[in-house]
Amino acid sequence: MVRVANGVTVVIGLGISGRAICRHLVRQGVPFMVADTRAEPPGLDTFQNENPGVEVYCGPLTALDFTDAYEVVVSPGVDPHSPGLDGLLERSNPATGEPVLIGEIALFVRAVNAPIAAITGSNAKSTVTTLLGEMARAAGVKAAVGGNLGTAALDLLVECPDAELYILELSSFQLETTPHLGAKAAAFLNLCEDHLDRHGDMVGYRRAKQRIFRGAQSGIVNVDDALTWPESPIGHVERFTAFAPAGNDWGVVEKAGRLTLVHGDEAWLNADDLTMAGRHNYANALAALAMGKALGFAKAPMCQALAAFKGLPHRSEVIARINGVMWVNDSKGTNVGATLAAIQGISASLTGKIILLAGGVGKGADFTPLAMPLAESAKTAVLFGADAHRLEAAISSAVPVHLVSDLTQAMEVAWGLAEPGDCVLLSPACASLDQFANYQARGDAFRAWVEQKHKQHNHSGERL
């Protein structure tokens with residue numbers, strides 16, 4: 001048994017977040033050691049050269065005795081219920097009043113000297129986080145953007161020490177080890193099955209997400225998804241819907257023949273002024289507007305930023321239109337809820353049908369909710385990857401299915417089936433790790449293939 005020295009903080013995990021935690025503790029002058037379950041974590045030699053006095057333990061956590069540890073800080077990728085960490089969430093640190101086991105965001109909250117805007121949800125949180133950052137800049141607010149997206153939160157404190165606002169995308173993994181966030185504005189966008197292999201069930205997953213509201217001044221929630229509503233009272237709540245709003249909610253209505261984003265009775269922006277298509281993106285825009293208003297941003301710069309925002313790569317990204325067929329990269333659609341949003345958002349504007357490319361690692365999700373929307377709006381589904389057969393079993397009664405081995409074959413099948421007015425949609429409803437390094441690599445492969453086809457067929461004269 002390896003005993004942690006009295007008063008020492010233990011950092012669990014030597015990945016990107018773990019290293020950010022270590023840099024922060026060095027700056028704070030906190031004595032710490034590092035533990036990683038991998039025998040040889042990538043970059044270990046470099047870390048030890050840069051931190052010669054820091055003890056590093058590699059091996060099972062069950063061999064560590066945390067009795068005398070001051071604090072245990074886990075990286076988001078480390079399950080706080082892992083063997084060896086038992087009881088640490090329930091054990092209180094007398095110096096802080098918080099659990100002995102915390103995560104990086106708890107350290108961030110202690111150190112930050114500016115308001116926090118926090119965004120979580122199963123889907124679209126990167127889009128809303130980035131968009132809110134653009135709105136802040138347009139409104140003249142010096143904002144630092146990061147967290148689960150881009151720069152680690154603790155590194156933002158160094159890179160942007162004079163920020164007037166910190167805008168953080170937060171995952172359930174980060175939130176479950178954050179005892180108190182205290183955000184000025186906290187948004188919970190949506191909830192669907194995801195990460196059940198980590199949280200056990202939807203109850204546990206939602207419980208982790210709900211932590212975003214702890215100590216929040218304002219909450220931003222989705223009218224269309226009651227699971228996003230705070231379980232405990234919050235001083236102020238802004239509500240958004242992708243449809244007609246009630247009362248003073250944010251929503252979408254038709255005014256003078258044009259779909260319009262509104263706050264209550266007040267028109268804010270015409271939907272066709274957005275470069276992002278689909279009702280799911282209208283909801284994202286409204287969530288960002290609601291957050292911006294809660295943060296005190298002015299209307300005009302927010303609308304200007306929204307009209308200029310082109311969306312993020314791999315999120316319902318239109319790659320090309322070839323021979324009247326639209327090819328859309330939604331590789332970030334790694335769960336059923338994201339794929340549903342993409343199908344429903346895109347199908348409304350099509351004259352033809354969707355050809356869905358889906359498959360990969362399903363993470364134990366239930367694929368049956370895809371069946372009805374596909375029956376209504378899809379021509380076929382081309383399935384690939386580890387859970388293709390599970391997908392087939394869930395949707396084959398609703399839509400014709402083609403089974404292939406990989407994404408390249410799926411695109412070739414789609415090319416042969418697509419007709420003018422159709423959309424070939426890569427929205428896998430699965431993680432990518434069976435065949436790709438990550439969802440970005442999967443989306444890049446899709447983009448490269450489609451762009452090559454576009455070059456071969458540019459005589460059509462069609463452009464994005």
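Quick grid of which residues meet (1) of a type in the set (Asp, Glu); (2) open to solvent by 10 Å² or more (accessible area, probe 1.4 Å):
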residue: Glu317; (1), (2): yes, yes
residue: Lys332; (1), (2): no, yes
residue: Ala341; (1), (2): no, yes
residue: Ser347; (1), (2): no, yes
residue: Leu350; (1), (2): no, yes
residue: Gly362; (1), (2): no, no
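Mind listing whichever residues of region 203-236 are of a type in the set (A, V, I, L, M) and open to solvent by 20 Å² or more (accessible area, probe 1.4 Å)? Give the derivation first.
First pass over region 203-236, keeping only residues of a type in the set (A, V, I, L, M): 203, 208, 212, 216, 220-221, 223, 226-227, 234.
Result: Val203, Val223, Ala226, Leu227, Ile234.
Can you pull out the residues in region 129-146 that are open to solvent by 10 Å² or more (accessible area, probe 1.4 Å) and in a helix (DSSP H, G or I)?
Step one: list which residues in region 129-146 are open to solvent by 10 Å² or more (accessible area, probe 1.4 Å), which gives 130, 134, 137-143, 145.
Of everything in region 129-146, those that are open to solvent by 10 Å² or more (accessible area, probe 1.4 Å) and in a helix (DSSP H, G or I) turn out to be Thr130, Glu134, Arg137, Ala138.
Kindly check whether there is at least one residue in region 427-435 that is open to solvent by 70 Å² or more (accessible area, probe 1.4 Å) and outside any helix (DSSP H, G or I).
yes
Evaluate region 94-110: report whether one residue or more is farther than 23 Å from Leu170 by Cβ and outside any loop (DSSP other than H, G, I, E, B). So that I can check it myself, show each step before the final result.
So in region 94-110, the residues farther than 23 Å from Leu170 by Cβ come out as 94-95.
Among the residues that remain, those that are also outside any loop (DSSP other than H, G, I, E, B) are: none.
The answer is no; no qualifying residue exists.
Looking at Asp68, Asp36, which one is among the charged types (D, E, K, R), more than 27 Å from Val112 (Cα to Cα) and open to solvent by less than 30 Å² (accessible area, probe 1.4 Å)?
Exactly one of Asp68, Asp36 is among the charged types (D, E, K, R), more than 27 Å from Val112 (Cα to Cα) and open to solvent by less than 30 Å² (accessible area, probe 1.4 Å), namely Asp36.
Run Ala183 past the list (1) within 22 Å of Asp366 (Cα to Cα); (2) modelled with pLDDT of 95 or more; (3) aliphatic (A, V, I, L, M) and report the number of the one that doesn't hold.
Ala183 satisfies all of (1) within 22 Å of Asp366 (Cα to Cα); (2) modelled with pLDDT of 95 or more; (3) aliphatic (A, V, I, L, M) except (1).
Considering region 237-259 alone, what residues qualify as being farther than 21 Å from Gly345 by Cα and surrounded by fewer than 16 Cβ atoms within 10 Å (Cβ to Cβ)?
Ala246, Gly247, Asn248, Ala256
Only one of Val26, Val11 is assigned to a helix (DSSP H, G or I), modelled with pLDDT of 95 or more and hydrophobic (A, V, I, L, M, F, W, C). Can you tell me which?
Values: Val11 fails: assigned to a helix (DSSP H, G or I).
Matching residue, one of Val26, Val11: Val26.
The values are calculated or read from the model by the stated rules, or taken from the named source; none is laboratory data. What you see is a predicted model, and the numbers here were worked out from it, not measured in a lab. Reconstructed Cβ throughout: ideal geometry from the backbone, glycine too, with neighbour counts over all protein chains shown. Areas reflect the complete protein model, heavy atoms only, side chains present, ligands, DNA and RNA absent. Shrake-Rupley method; radii C 1.70, N 1.55, O 1.52, S 1.80 Å.
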